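The values are calculated or read from the model by the stated rules, or taken from the named source; none is laboratory data. Keep in mind the model is a prediction, meaning the values are calculated, not measured. Here Cβ is always computed from backbone atoms with ideal geometry, including for glycine, and neighbour counts include all displayed protein chains.
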Amino acid sequence: MTNYSTEPAPIGIFDSGYGGLTILDEIRAQLPQYDYIYLGDNARTPYGSRSFDVVYEYTLQCVKQLFEMGCHLVILACNTASAKALRNIQQKDLHTLDSSRRVLGVIRPTVEIIGDITKTKHVGLLGTLGTIQSNSYPLEIKKLFPDISVTGEACPLWVPIIENNEHMHQGADYFVKKNIENLLRKDDKIDSIILGCTHYPLLINKIKAYTPSHITIVSQGKYVAQSLLQYLQRHPEIEAKCTKNGEVQFFTTESVEKFQSSASIFLQQKVEAKRITLV
Ligand code: DGL
């Protein structure tokens, strides 16, 4: 067991880069009373094309960092990390690090609501190469909704486009259009598309522009926030360890200037960040 602080602390929100800000935004809208620490591993983003072992190693390092900062509860606001690292961390690492701390992901809350959204039972999934190849969504959806079929399309360029702040520009249209068309060509009965990467809501205007209007686009933030709210209600022992001053601190593994300017655009508020070197 590691000797982390036992004092109440903010909730940790982790992503490989800026994508988790879309989750943080929704969580703060629904749970404004809590404090949060956001950690973006911008120096090593994207995770999406990296191997299972590397994503696991990087994610574990970031979780340990958030534990060092006192967090008792960490949300992996990243589908790639949720797909490739969450299970190992929950089942193996927490026992040796500190079994009283908790780490949650974003896939399960999304899977739980999809049965209420699709009518045709044909669901599309857009995600990073890692998330699509992991098969996590189809496997998890099968467990809850055996009659739903899931068709995936990897969009390996979408995260780099967003991390480089090019998502508002015309060049992004080519890739958004191409991947959505590819997905719908694979299954023309799709009536709901899961944005299975937390970066993708930042491309929402372009995604909407290239998606037929009868298809529901499912952004995860709202559902992850609802699920967190229910989790905290079910686990008063964890809830009691979360501080409540309505504050957020931002940390990045890359340049502070770049993070501040991009995060301020994404969140539409002034963001002050600190650079962190992972141990
Ligand atoms: N936001 C991460 C996700 O949800 C992006 C992964 C990446 O860094 O490629 O998968």
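The helices (runs of 4 or more DSSP H) found wholly in region 163-272 and carrying at least 3 residues that are within 16 Å of the ligand (Cβ to nearest atom) and modelled with pLDDT of 95 or more occupy 171-186, 221-234. Looking at the structure I just gave you, is I114 over 19 Å from V224 (Cβ atoms), of a type outside the set (S, T, Y), touching a Leu at 6+ places or on another chain (Cβ under 9 Å) and in a helix (DSSP H, G or I)? It is false that I114 is over 19 Å from V224 (Cβ atoms), of a type outside the set (S, T, Y), touching a Leu at 6+ places or on another chain (Cβ under 9 Å) and in a helix (DSSP H, G or I).
Scanning region 90-116 for residues that are of a type in the set (A, V, I, L, M, F, W, C) and more than 16 Å from the ligand (Cβ to nearest atom) yields a count of 4.
The rows are residues; the columns are (1) β-branched (V, I, T); (2) without any contact (Cβ under 8 Å) to a residue 60 or more places away in the chain; (3) within 16 Å of the ligand (Cβ to nearest atom); (4) surrounded by 24 or more Cβ atoms within 10 Å (Cβ to Cβ).
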| site | (1), (2), (3), (4) |
| --- | --- |
| I11 | yes, no, no, yes |
| G20 | no, no, yes, yes |
| D25 | no, no, yes, no |
| R28 | no, no, no, no |
| L31 | no, no, no, no |
| Y38 | no, no, yes, yes |
| A43 | no, no, yes, no |
| V54 | yes, yes, yes, no |
| T59 | yes, yes, yes, yes |
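If the condition is being out of contact with any Leu (no Cβ under 8 Å at 6 or more places or on another chain) and either without any contact (Cβ under 8 Å) to a residue 60 or more places away in the chain or within 16 Å of the ligand (Cβ to nearest atom) (or both), then region 70-87 contributes C78, N79, T80, A81, A83, K84, R87.
Would you confirm whether any residue within region 208-217 is within 30 Å of L73 (Cβ to Cβ), in contact with a helix residue (DSSP H, G or I) (Cβ under 7 Å, 6 or more places away or on another chain) and among the aliphatic types (A, V, I, L, M)? Scanning region 208-217, I find at least one residue that is within 30 Å of L73 (Cβ to Cβ), in contact with a helix residue (DSSP H, G or I) (Cβ under 7 Å, 6 or more places away or on another chain) and among the aliphatic types (A, V, I, L, M), so the answer is yes.
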